[in-house]
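Structure, as structure tokens:
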Amino acid sequence: MKHNVVLIGMMGCGKSTVGRILAERLGLELIDTDQYIEKREHRSIPDIFAAEGEVYFRERELETAQALGGRQNLVIACGGGLPLREDCIRPLAESGLVFFLRRDPGETYDSVSMTGLPLAQDGRNAFLARFQQREPVYRRWADHIIEARSAGEAAAQISEIYYKECSSL
């Protein structure tokens, strides 16, 4: 039975904001995978990238996904790159309904501060190219694609789907 809500999408698309609203609305615990890693590592994601590199960080994501995939009644806001590794996303997908928060990448880049996001430092065109590479992966893992205009609207759509699907199990 899938009782978790798993949010995936590009960095800055609103996973953490939608996750907070959803957790409150559904009475579930919110776990943001990046914050979970920062807490365990006692340092920020940019510091982890700077000191240890992306490979080290991705291994921490794998550990996180495996740990959270064994839990229930969570809203899990995934880091933007987590779904790129099947071994990371699979335990989460098996434990919950996966929602791809699809937001126009140009709008995201233009409206969200990219300061402190290590993989968003190469400019707008690189960000758009990264989205183009990742979107097929996000679509592959998504049970549902949400293209809401606001975090509240996205949370309302996800809540409705969650209640329908959980009540039919």
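The values are calculated or read from the model by the stated rules, or taken from the named source; none is laboratory data. What you see is a predicted model, and the numbers here were worked out from it, not measured in a lab. Neighbour counts are summed over all protein chains in view; Cβ atoms, including those assigned to glycine, are modelled from backbone coordinates with ideal geometry. In case anyone asks, the SASA skips ligands and DNA or RNA and just uses the protein heavy atoms, side chains included. Shrake-Rupley method; radii C 1.70, N 1.55, O 1.52, S 1.80 Å.
Side notes on the structure shown:
- Checked against (1) open to solvent by less than 20 Å² (accessible area, probe 1.4 Å); (2) in contact (Cβ under 8 Å) with a residue 24 or more places away in the chain, M11 meets all criteria but (1).
- In a residue-by-residue description of the range 56-73, the property of being among the aromatic types (F, W, Y), surrounded by 15 or more Cβ atoms within 10 Å (Cβ to Cβ) and over 13 Å from the mean Cα position of the chain (by Cα) applies to at least one position.
- Selection count where residues are open to solvent by 90 Å² or more (accessible area, probe 1.4 Å) and either in contact with a helix residue (DSSP H, G or I) (Cβ under 8 Å, 6 or more places away or on another chain) or polar (S, T, N, Q) (or both), scope the range 141-167: 1
Here is a yes/no grid of residues against (1) assigned to a helix (DSSP H, G or I); (2) among the acidic types (D, E); (3) more than 14 Å from the chain's Cα centre (by Cα):
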| position | (1), (2), (3) |
| --- | --- |
| G80 | no, no, no |
| R103 | no, no, no |
| S113 | no, no, yes |
| D122 | no, yes, yes |
| A126 | yes, no, yes |
| A129 | yes, no, yes |
| R134 | yes, no, no |
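- Subset of the range 42-71 [outside any helix (DSSP H, G or I) and in contact with a helix residue (DSSP H, G or I) (Cβ under 7 Å, 6 or more places away or on another chain)]: S44
- If only residues of the range 1-36 that are touching a Gly at 6+ places or on another chain (Cβ under 7 Å) and assigned to a helix (DSSP H, G or I) are counted, the one that is farthest from L97 (Cα to Cα) is D34.
- Only one entry of G70, G53 meets the criterion of being out of contact with any Pro (no Cβ under 6 Å at 6 or more places or on another chain) and under 27 Å from S159 (Cα atoms), and that entry is G70.
- Of all the numbered requirements in (1) open to solvent by 10 Å² or more (accessible area, probe 1.4 Å); (2) touching a helix residue (DSSP H, G or I) at 6+ places or on another chain (Cβ under 7 Å); (3) within 29 Å of E165 (Cα to Cα); (4) at pLDDT below 95, G79 misses one, and that requirement is (1).
- Sole exception among (1) in contact with a helix residue (DSSP H, G or I) (Cβ under 9 Å, 6 or more places away or on another chain); (2) outside any loop (DSSP other than H, G, I, E, B) for K39, by number: (1)
Yes/no matrix, rows are residues, columns are (1) more than 28 Å from Y163 (Cα to Cα); (2) surrounded by fewer than 20 Cβ atoms within 10 Å (Cβ to Cβ):
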| residue | (1), (2) |
| --- | --- |
| K15 | no, no |
| Q35 | no, yes |
| K39 | yes, yes |
| A50 | yes, yes |
| L101 | no, no |
| G106 | yes, yes |
| S113 | yes, yes |
| D122 | yes, yes |
